[in-house]
Amino acid sequence: MSNKELNPMQQGVVEVLGKPAGWVPLPLTVVAAVREQLETALAPLAAKLSPDQPLFISKGSLNTVNGCEAHFMASLNSFEWTISNVRGTVMHKAVELSINWRGPVEPADLVDEALTRLEDEESRGPSDFIVKLSPGERAQLRSYAVDLYTKFEESFPPLKASWRPVTESSARVGLFDGRIFLSTRVDLTLGGAGSKVIIDLKSGRIYSNHREDLRFYALVESLRSGQPPRRLATYSLESARADVEEVSEGVLQSAVRRVADGAKLIYELTSENREPKLNPGPQCRWCPLKDNCETGKQFLERGFEDD
Ligand code: SF4
């Protein structure tokens, strides 16, 4: 399919994600400088840790601890699959299958295939959850996932193999001889190391913290590969809009500060038993404590504008 045959949404994606003529990658010395900054910031914390009990930092833990510490503590080890949170995983699997599918295929068929594959996967995934769904629940999940995949197919140009598309790509970086780990799982990447575009797909709207998520991904990718990615994009399937940021040294430094601050908070709360602070916000809506937390209840009753 040539660019002329793309619909306006697809052309928009090509325009915001394409590599501009004359683009120059960041010098590799940036990665060394960022690594040094991160290690300097984390060194006091690393001195308290051992490889037997390392500290794991993920996008989710950074987001939650920076949102509300009490929510973070309540969410530890309490993850559960739901139809709402598994639909994105099904959609990502459908995208993965579509990249290598030969010939035309309908979204519903890809979603069915994705559900079957996920059911059969033995790794820590939603296999059990999907297997145990009632026929009605499965139909509901299928409906949500078909909707998401259809929106993706309408919005993104067909992903060429030469763009090196990868879905659900996980990465991990160990620091201080395995005392601290940073880990990510990226929805979609395009391009090879050194010019990668990292894309987070959202079923709903875009929030300010989504940019922070992607900066964290960029930091991990830079430390893992030694080469910074080129561009970061949060793409809302609901609104067919992207929030895009170029990767710069400043972007990586911002991620370093957030990781250093977040790691310190996580350590204080989980290892030093510091009393968690309450910080009401949009996260109260999905906090496990929302039915008993007066601060959160008052916040939700007052109502607020989503930013
Ligand atoms: S309900 Fe809100 S304020 Fe209360 S613990 Fe949860 S996120 Fe924090």
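What follows draws every value from the coordinates through simple rules; no lab data is involved. Here the structure is a predicted model, which is why all the values come from computation and not from measurement. For neighbour counting, all protein chains shown are included, and Cβ atoms are generated from backbone atoms with ideal geometry for every residue, glycine included.
Does the range 83-160 classify as rounded, prolate or oblate by the C-alpha gyration tensor (a ≥ b ≥ c root eigenvalues; a/c under 1.5 gives rounded; else a/b over b/c gives prolate, otherwise oblate)? Prolate shape, in that a/c is at least 1.5 and a/b is the bigger ratio.
So, with +1 on the Cβ of K and R and -1 on the Cβ of D and E, and no other charges, what is the size of the charge dipole of the chain about its Cα centre, to the nearest 20 debye? Present the calculation step by step, with values, prior to reporting the outcome.
Numbers: 37 positive and 43 negative charges, 123 e Å.
In total the dipole reaches around 580 debye.
Among bridges DSSP assigns within the chain, what percent are antiparallel (round to 5)?
Bridges in the chain that DSSP calls antiparallel: roughly 65 percent.
Only one residue of F72, S84, T116 has its Cα farthest out toward the positive end of the dipole of the chain, where Lys and Arg carry +1 and Asp and Glu -1 on Cβ, and that residue is F72.
For the chain, what class follows from the C-alpha gyration tensor (a ≥ b ≥ c being the square roots of its eigenvalues): rounded when a/c is under 1.5, otherwise prolate if a/b is larger than b/c, else oblate? Kindly include the intermediate steps, with their values, before the conclusion.
Working: a/c = 1.68, a/b = 1.17, b/c = 1.44.
In terms of gyration-tensor shape, oblate.
Comparing V14, V95, S58 along the charge dipole axis of the chain, the residue lying farthest to the positive side is V14, per the Cβ-charge model. Between S195 and A43, residue separation times 0.36 nm minus the direct Cα-Cα distance comes to 51.7 nm.
Per-residue Cβ neighbour counts within 10 Å put R117, R231 in the sequence R117, R231, beginning with the fewest.
With each run of n ≥ 4 DSSP H residues scored as -39500 (n - 2.57), what mean residue ellipticity at 222 nm is computed for the chain after dividing by its residue count and rounding to the nearest 500 deg cm²/dmol?
On the way: 11 runs with 152 residues, N = 307.
That comes out to -16000 deg cm²/dmol.
The aspartates and glutamates within cross-link reach of K264, meaning a Cα-to-Cα straight distance under 17 Å and a gap of 8 or more places when in the same chain, are E39, E69, E272, E275.
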